[in-house]
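The structure appears below as structure tokens.
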Amino acid sequence: MNIFGGGAGLSRSRVDGRILSSLLSLSLVFATLPQNLWAYQDQDAAAPAQDAAAPAQDAAAPAYTQQTAEQLQQLVAPIALYPDSLVAQVLAASTFPEQVVEADRWVQAHPDLKGEDLGKAVDEQPWDPSVKALAAFPSVLGNMDKNLSWTSSLGDAYYNQQQDVMDAVQVMRKKAQDAGNLKTTPQQTVAAQDSNITIEPADPDEVYVPAYDPWVVYGYPIVAWPGWYPYPGIWFGGPFLSFGIGFPIGWFGGFGWGWGHWGFDWHNHYAMYNHGRYYSGSRTFYNRSSVARAGGADHPGAAARPFDGNRQAARGYAAPRGQSGVRSGALSGYGHGGQARSFSSRGSASMGGGGARGGGGGRR
């Protein structure tokens, strides 16, 4: 009996030891679990709750193909000769291709709205400030809608190669100036700022959008961007600039997204909004893979650096100051990794080819 009793005691001792060991292991897990959770939360505290479901979607995001200097010059050719603030609006809005489609169709559906009435109606829309600002220039907005593949490619490049895009704009302006096609006129003032060329409206209350053939105006023929089509109001068949009717912008001065809130810091190579650097809140081109192309060869690790590698800014958290005209839905309802939640059926057919890599951001 003593032998069996001793064996039973030994067995119980072993079982108790295993239980104790298991409890200690569990206690260690629970002791470290809150720290891991807190560390994870601290690492991405600024991210919206929806980002928790994003990794699987982000993993499937297509790689951004880095554009060469020549490709970027070809890409910006249709807008490089616009006034500075309009270039800023176009580049910013190109990161929201779906909103561009929606805004253009909305403007077409409301031809009776003019001046301040138009401004008030636009102010109620859940679009990015840049898209709202373009409602004052229906021909520019219409061109971006019709040439949506080009618009998407422009937004992709601006998002991922911002300084290179700025350089391309200046290169094209210099070429047009050397060809005698960019100069001060009654409609615009062309000036030098350090080594950069600036373009401003001659009348601060009226903007003239130059119409031109972007493939011949720079002094030598340029191969047209694939799938780009001439659009009325921004196209002129001659080898120089043509100016039509000016667009009054004084009506929009009281809105936070109006003309006076846009511009460029050419020295530091970025678009400005509300006297600060503009950061796109679009999710269309966010979080690409680390393979980029330069000079025709793939270089793993040569990742594009959206907004100079500022992770928070690239995700829309470092938003410009004073976005009084922006509703939350205009900056937060986007899919991840170049994937749109739902691309507008009105523009989806235009997205094929020409380098489009994803739809625009969807409204909530």
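The values are calculated or read from the model by the stated rules, or taken from the named source; none is laboratory data. Values in this document were obtained by computation on a predicted structure and should not be read as measured data. All Cβ positions, even for glycine, are placed from backbone atoms using ideal geometry, and neighbour counts span all protein chains on display. To get the accessible areas, we keep the full protein, side chains included, count just its heavy atoms, and leave off ligands, DNA and RNA. Shrake-Rupley method; radii C 1.70, N 1.55, O 1.52, S 1.80 Å.
Would you mind stating whether G281 is under 23 Å from W127 (Cβ atoms) and open to solvent by 60 Å² or more (accessible area, probe 1.4 Å)? No; evaluated as a whole, the condition is false for this residue. So, V216, is that one touching a residue at least 12 places away in the same chain (Cβ under 8 Å), open to solvent by 80 Å² or more (accessible area, probe 1.4 Å) and farther than 19 Å from V87 by Cα or not? No. Counting the residues of segment 181-232 that are at positive phi and out of contact with any helix residue (DSSP H, G or I) (no Cβ under 9 Å at 6 or more places or on another chain) gives 1.
Counting only helices (runs of 4 or more DSSP H) wholly contained in segment 26-99, the ones carrying 3 or more residues that are modelled with pLDDT of 70 or more and open to solvent by less than 30 Å² (accessible area, probe 1.4 Å) occupy 69-76, 84-93. The test for being farther than 30 Å from T185 by Cβ, in contact with an Asp or Glu (Cβ under 6 Å, 6 or more places away or on another chain) and either at pLDDT below 90 or assigned to a strand (DSSP E or B) (or both) does not hold for F264. Listed by first and then second residue, the pairs with beta-carbon distance under 6 Å, at least 6 apart or on different chains, first residue in segment 109-132 and polar (S, T, N, Q), second assigned to a helix (DSSP H, G or I), are S130/Q89; S130/A92; S130/A93. Counting the residues of segment 232-254 that are assigned to a loop (DSSP other than H, G, I, E, B) and open to solvent by 30 Å² or more (accessible area, probe 1.4 Å) gives 12. Applying the criterion of being part of a loop (DSSP other than H, G, I, E, B) and at pLDDT 95 or above to the residues of segment 189-213, the residue that is surrounded by the most Cβ atoms within 10 Å (Cβ to Cβ) is Y212.
For the structure I just gave you, tell me whether W127 is open to solvent by 10 Å² or more (accessible area, probe 1.4 Å), at pLDDT 95 or above and aromatic (F, W, Y). So W127 does not fit the description; no.
Might you check whether a residue that is β-branched (V, I, T), open to solvent by less than 80 Å² (accessible area, probe 1.4 Å), modelled with pLDDT under 95 and under 26 Å from T68 (Cα atoms) occurs anywhere in segment 219-231? Within segment 219-231, one or more residues are β-branched (V, I, T), open to solvent by less than 80 Å² (accessible area, probe 1.4 Å), modelled with pLDDT under 95 and under 26 Å from T68 (Cα atoms). Across segment 119-146, the number of residues qualifying as within 30 Å of L75 (Cβ to Cβ) and either in a helix (DSSP H, G or I) or over 21 Å from the mean Cα position of the chain (by Cα) (or both) comes to 16.
Annotation note: of V209, V216, the sole residue that is under 30 Å from T284 (Cβ atoms) and of a type in the set (V, I, T) is V209.
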